[in-house]
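The values are calculated or read from the model by the stated rules, or taken from the named source; none is laboratory data. On a predicted model such as this, the values are computed, not experimentally measured, just so you know. Ideal geometry is used to build each Cβ from the backbone, glycine not excepted, and the neighbour counts take in all protein chains shown. All accessible areas refer to the heavy atoms of the entire protein, side chains included, with ligands and DNA or RNA removed. Shrake-Rupley method; radii C 1.70, N 1.55, O 1.52, S 1.80 Å.
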Amino acid sequence: MEKGKVKGIYEDVIMAGFGGQGLMFIGKLLAYSAMKEGKHVTWIPSYGPEMRGGTANCTVVVSDEEIGSPLIPRPRAVIVMNNPSIEAFEPKLQSDGLLLANSSFVTRSATRKDVQATFIPANEIASRVGNEKAANMVMLGAYVACTNIVSKESINKGLEELFGAKREFLEANMLAFEEGMKFVQEKCLKTK
Amino acid sequence: MTEKRFMAGNEAIAEAAIQAGCRFYFGYPITPQNEICEYMSMRLPEVGGTFLQAESEVAAIYMTFGAAGTGARVMTSSSSPGISLMQEGISYIAAAELPCVIVNMMRGGPGLGGIHPSQADYFQATKGGGHGDYHLLVLAPHTAQEAVNLTMLAFDLADKYRNPVMVLGDGNMGQMMEPVEFPPPAKTEFSKKEWNLDGARNRPRHLIKTLYLDPPVLEKRNLAIAHKLGEAVKNEVRFESFMVDDADVVIGAYGTVARIAKTAIKLLRENGVKAGLLRPISLYPFPYQQFAKVAESGKKILVVEMSLGQMFQDVQLAVCGKTKVNFYSRVGGVVPGYDEIVREVEKTAKESG
Amino acid sequence: MEVVYERPKSLFPVATHYCPGCGHGIIHRLVAEVIDELEIREKTVAVAPVGCAVLLYNYLDVDCYEAAHGRAPAIATGCKRVHPDLVVFTYQGDGDFAAIGTAEAIHVAARGEKITTVFVNNAIYGMTAGQMAPTTLIGQKSTTTPAGRKPETAGFPIRMCEIVATLPGAAYVARVSVSSPKNVVQAKKAIRKAFETQMRGLGYSLVEVLSQCPTNWHMTPFESVKWVDEKMALYYPLGEFKVPKEE
Amino acid sequence: MTGKIVINEDFCKGCALCVNACPQKLLKTAKHVSKTSYHPAEFVDAEGKCTGCGLCALICPDVAIQVFRDRKAGGEKK
């Protein structure tokens with residue numbers, strides 16, 4: 001929903017990219033972790049006309065109130081992990097909205113001047129901390145750092161609960177998440 | 001209440017059925033409700049129940065008929081084209097007065113249509129659907145939690161009225177994940193039915209039939225079913241009135257569209273437009289009186305649906321010309337955004353008279 | 001003198017609605033005799049078809065469903081899955097089992113559902129007054145094949161036993177007829193075996209019964225039983241197509 | 001006489017399948033009309049030829065025939 005029109009805690013985000021980049025997973029992880037903090041959440045996979053060739057996406061809403069629409073025509077934030085996704089979702093962002101792009105796959109820069117765009121070489125960062133497949137977690141870290149919608153601890157716990165037995169991946173994923181957070185924090189410090 | 005679980009609507013409905021004592025499920029895969037089949041195939045064996053993937057929706061509904069005839073709690077589920085195939089069997093189940101629960105996660109039609117959410121099966125669900133004079137009781141949740149509660153209620157209503165009950169959702173609701181809680185199971189033993197088939201031991205044999213070749217006899221049967229449904233119309237109207245009291249424009253919407261409308265209403269009120277929502281929870285019986293009351297109080301009504309005006313007709317019937325009823329819809333799998341609803345409500349508010 | 005044959009107990013003491021000479025009456029009686037002999041009246045559930053035998057429940061004193069056309073195997077499946085200890089059987093005609101309900105007929109066997117089907121094949125649609133059945137013979141006249149069934153336009157008659165016998169889930173498959181006292185004795189043996197197969201949990205059992213329809217064949221009852229022997233049994237050979245392994 | 005049958009005329013529809021089945025030719029179609037408007041089968045055994053073999057009952061589609069047999073005469077229950 002439009003910024004400034006909603007009191008209390010509220011965030012929505014569309015996460016889009018290739019199938020297999022783990023966007024569905026970080027969407028669920030975000031919603032699950034927020035649920036564990038007692039918030040209202042919805043997670044919905046791409047299941048509408050916005051589904052186009054080459055993109056898989058999901059929408060997450062987190063709020064301290066009952067959530068009405070789980071579908072967001074004009075999102076507050078988008079996470080895009082490939083070119084078709086930035087084409088599809090940059091135009092939909094609210095003014096002053098948050099555009100987080102994985103520059104390892106997104107080869108163009110933002111066209112809109114009224115949004116806060118951050119380009120993150122997520123695959124490079126993930127590789128550096130041990131698992132390139134955790135690029136999605138870098139992006140989630142960046143998003144959480146920007147919005148503070150859930151705590152790092154909740155994500156950590158959520159990861160453990162959702163990953164279950166695959167504990168060997170846990171550490172790399174958590175590291176990637178923290179690197180994503182750090183990337184944004186350092187960038188913000190620089191700009192300020 | 002138990003701990004919150006993060007579940008997709010389809011899974012939540014399946015788990016709710018199990019918690020309501022459903023131990024038999026017969027179905028046939030069709031998008032967007034496959035997760036119900038899949039969840040049942042995993043969970044029912046754990047609780048000593050039976051999951052069976054039928055050879056078609058036609059077979060699935062008659063397996064449901066067969067199990068319902070024993071008095072067991074039984075469910076089937078499908079999506080629009082599959083529900084169309086089931087209509088013959090649903091008519092037989094209604095005629096035989098057997099309790100069962102049917103879930104329809106609607107998708108776009110007609111024909112093969114699409115796999116995206118729709119509400120275009122409203123007529124089929126609420127007006128009978130199959131041949132002959134009958135109605136299903138139809139419950140339309142708008143959140144995953146409500147899907148849980150209404151699925152559990154559906155089994156009780158089916159038993160109470162010996163009538164099939166439909167839980168009507170859409171692809172959106174089936175796929176969306178939300179936190180849900182399951183109330184602790186109230187009971188696991190259900191009252192023994194007086195009519196069920198389980199072998200005629202120490203009693204006269206029971207017969208489940210729907211053929212009555214003598215017109216006056218069939219007429220009597222039809223009237224008995226109508227009388228029974230009349231009782232349901234008296235007792236089972238369910239609706240939510242959301243910010244209606246001071247509203248100038250009342251949105252009429254159910255299911256997914258209704259929750260989107262709630263967001264629109266919040267935004268409209270920020271803009272100074274007093275909007276509200278009258279949300280039918282039971283689509284049959286329909287809250288005619290509640291819409292009539294809205295009309296009598298001089299409020300304007302905007303019906304928003306993912307169909308080309310199906311529930312709209314019921315609202316018009318209820319309102320009976322006492323106020324203007326506007327209509328807005330997206331169809332074919334397109335879900336109306338809250339921004340569209342905001343725009344339509346503002347238009348309606350500005351219209352004179 | 002003692003009574004050596006009388007009406008089976010599971011059969012209500014009423015006259016049937018069937019035409020004179022119709023085979024359904026004989027087959028009903030055989031089913032009732034088997035139920036009495038196996039002492040399973042209190043655990044038997046019958047599923048009646050659509051067609052002439054829809055009123056089966058007016059004659060058979062057991063718990064009974066009336067099915068929709070072709071759906072009896074699905075209903076029987078639903079019932080049997082709830083109560084595996086019951087003896088559940090469907091009674092179906094040729095339209096029911098070999099046309100409108102072919103999918104259910106094949107799949108109930110494919111699943112090895114522990115139910116029994118008594119399939120009455122009289123090569124004609126009786127209830128609707130004499131239209132072609134899926135089992136109508138080539139050259140046979142019906143109201144929808146007035147010049148006789150031609151394969152070029154109406155295709156070929158279906159041999160259900162042969163088809164079902166290929167399915168691993170089918171444990172007992174036999175074709176019998178009720179055209180003579182000798183054949184009636186054989187038919188009863190097969191029906192009994194089919195029920196026993198179910199009770200032993202061995203899988204699906206099917207008994208196809210070639211039966212006469214004097215009315216729609218436009219024959220006397222005597223001519224009609226001769227026609228079963230001389231024409232039908234040629235295309236639909238009698239015998240057991242599948243018996244439980246250990247026998 | 002070692003056997004006999006009793007025909008229930010309320011059930012018999014006069015199809016005559018029993019007439020053809022009887023090895024002793026003891027059955028015929030009656031001239032009279034039953035309550036149910038059929039010419040029922042009629043059992044005539046003046047010479048006591050019926051053995052109580054029961055073939056007539058086996059083929060009867062209307063379960064209209066009850067069969068009796070004299071045990072002492074070597075009849076065996078089926």
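At a glance:
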{"quantity": "Check on A:ALA77, away from every other protein chain (no Cβ under 14 Å), of a type outside the set (D, E, K, R), open to solvent by 10 Å² or more (accessible area, probe 1.4 Å) and in contact (Cβ under 8 Å) with a residue 60 or more places away in the chain", "calculated": "no"}
{"quantity": "Matching residues in the range C:74-99 - criterion: being within 10 Å of another protein chain (Cβ to nearest Cβ), out of contact with any Phe, Trp or Tyr (no Cβ under 6 Å at 6 or more places or on another chain), closer than 19 Å to B:VAL58 by Cα and in contact (Cβ under 8 Å) with a residue 24 or more places away in the chain", "calculated": "C:ALA76, C:THR77, C:CYS79, C:LYS80"}
{"quantity": "Selected residue (only one of B:ASN196, B:ASN222, B:ASN202 is outside the structural domain of B:LEU308 (by TED's automatic domain parsing), more than 25 Å from B:ASN149 (Cα to Cα), in a helix (DSSP H, G or I) and of a type in the set (S, T, N, Q))", "calculated": "B:ASN222"}
{"quantity": "Of the criteria (1) in a helix (DSSP H, G or I); (2) farther than 30 Å from B:ARG205 by Cβ, which one B:ALA59 fails", "calculated": "(2)"}
{"quantity": "So B:ASP170, is it among the charged types (D, E, K, R), open to solvent by less than 20 Å² (accessible area, probe 1.4 Å) and under 27 Å from B:MET311 (Cα atoms)", "calculated": "yes"}
{"quantity": "Every pair of residues 6+ apart whose Cβ atoms lie under 9 Å, when the first sits in the range A:126-143 and is of a type in the set (Ser, Thr, Tyr) while the second is surrounded by fewer than 24 Cβ atoms within 10 Å (Cβ to Cβ) and part of a helix (DSSP H, G or I)", "calculated": "A:TYR143/A:VAL184"}
{"quantity": "Odd one out for B:GLY321 among (1) open to solvent by less than 40 Å² (accessible area, probe 1.4 Å); (2) more than 26 Å from B:GLY109 (Cβ to Cβ)", "calculated": "(1)"}
{"quantity": "Filter result for the condition that a residue is facing chain C (nearest Cβ under 8 Å), under 30 Å from B:PRO179 (Cβ atoms) and at pLDDT 95 or above, over B:VAL47, B:VAL74, B:VAL58", "calculated": "B:VAL74"}
{"quantity": "Within the range B:235-353, helices (runs of 4 or more DSSP H) holding 3 or more residues that are within 14 Å of another protein chain (Cβ to nearest Cβ)", "calculated": "B:255-270, B:338-350"}
{"quantity": "Residue satisfying condition, being at the interface with another protein chain (Cβ under 7 Å from one of its Cβ atoms), surrounded by 15 or more Cβ atoms within 10 Å (Cβ to Cβ) and part of a loop (DSSP other than H, G, I, E, B), within set C:GLY21, C:GLY25", "calculated": "C:GLY21"}
{"quantity": "Close pairs (8 angstrom Cβ cut-off, 6 or more residues apart or separate chains): more than 9 Å from chain C (Cβ to nearest Cβ) in the range B:202-217, open to solvent by 60 Å² or more (accessible area, probe 1.4 Å) anywhere", "calculated": "B:TYR212/B:LEU218"}
{"quantity": "Selection within the range C:190-247 - over 23 Å from C:THR77 (Cβ atoms), hydrophobic (A, V, I, L, M, F, W, C), touching a strand residue (DSSP E or B) at 6+ places or on another chain (Cβ under 8 Å) and within 13 Å of another protein chain (Cβ to nearest Cβ)", "calculated": "C:VAL228"}
{"quantity": "Helices (runs of 4 or more DSSP H) completely within the range A:133-192 that count 3 or more residues being surrounded by fewer than 18 Cβ atoms within 10 Å (Cβ to Cβ)", "calculated": "A:152-163, A:167-191"}
{"quantity": "Boolean, B:GLU296 is open to solvent by 30 Å² or more (accessible area, probe 1.4 Å) and touching an Asp or Glu at 6+ places or on another chain (Cβ under 9 Å)", "calculated": "no"}
{"quantity": "Verdict on B:TYR39 being aromatic (Phe, Trp, Tyr), open to solvent by less than 30 Å² (accessible area, probe 1.4 Å) and free of Cβ contacts under 8 Å to residues at least 60 places away in the same chain", "calculated": "yes"}
{"quantity": "Flag for C:GLU66 being within 15 Å of C:GLY169 (Cα to Cα), among the acidic types (Asp, Glu) and modelled with pLDDT of 95 or more", "calculated": "no"}
{"quantity": "Unmet criterion (only one of (1) buried (at least 20 other Cβ atoms within 10 Å of the Cβ); (2) within 14 Å of chain D (Cβ to nearest Cβ); (3) closer than 19 Å to C:LYS193 by Cα) for C:VAL45", "calculated": "(2)"}
{"quantity": "The range C:166-186 - residue that is among the hydroxyl-bearing types (Ser, Thr, Tyr) and within 13 Å of another protein chain (Cβ to nearest Cβ) and, of those, surrounded by the most Cβ atoms within 10 Å (Cβ to Cβ)", "calculated": "C:SER179"}
{"quantity": "Test set (1) open to solvent by less than 10 Å² (accessible area, probe 1.4 Å); (2) under 30 Å from B:ARG201 (Cβ atoms) - C:GLY93 fails condition number", "calculated": "(1)"}
{"quantity": "Filtered residues of the range C:146-157 (kept if in contact (Cβ under 8 Å) with a residue 12 or more places away in the chain and surrounded by fewer than 20 Cβ atoms within 10 Å (Cβ to Cβ))", "calculated": "C:LYS150, C:PRO151, C:ALA154, C:PHE156"}
{"quantity": "Enumeration of residues in the range B:322-333 that are under 20 Å from B:ILE265 (Cα atoms) and not charged (D, E, K, R)", "calculated": "B:VAL325, B:ASN326, B:PHE327, B:TYR328, B:SER329"}
{"quantity": "Scan of the range B:50-69 for residues that are β-branched (Val, Ile, Thr) and open to solvent by less than 10 Å² (accessible area, probe 1.4 Å), ordered by number", "calculated": "B:ILE61, B:THR64"}
{"quantity": "Complete set of residues in the range B:232-267 that are open to solvent by 60 Å² or more (accessible area, probe 1.4 Å) and over 27 Å from B:MET106 (Cβ atoms)", "calculated": "B:LYS234, B:ASP245, B:ASP246, B:ASP248"}
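Rundown of residues vs (1) away from every other protein chain (no Cβ under 14 Å); (2) more than 29 Å from A:VAL41 (Cα to Cα); (3) surrounded by fewer than 24 Cβ atoms within 10 Å (Cβ to Cβ); (4) among the small types (Gly, Ala, Ser), yes/no style:
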| site | (1), (2), (3), (4) |
| --- | --- |
| B:SER84 | yes, yes, yes, yes |
| B:SER91 | no, yes, yes, yes |
| B:VAL103 | yes, no, no, no |
| B:GLY129 | yes, yes, no, yes |
| B:TYR134 | yes, yes, yes, no |
| B:ASN149 | yes, no, yes, no |
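Quick grid of which residues meet (1) among the small types (Gly, Ala, Ser); (2) touching a strand residue (DSSP E or B) at 6+ places or on another chain (Cβ under 6 Å); (3) closer than 19 Å to A:SER103 by Cα:
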position	(1), (2), (3)
A:ILE125	no, no, yes
A:MET139	no, yes, yes
A:CYS146	no, yes, yes
A:ILE149	no, yes, no
A:ARG167	no, no, no
A:GLU171	no, no, no
A:PHE177	no, no, yes
A:GLY180	yes, no, yes
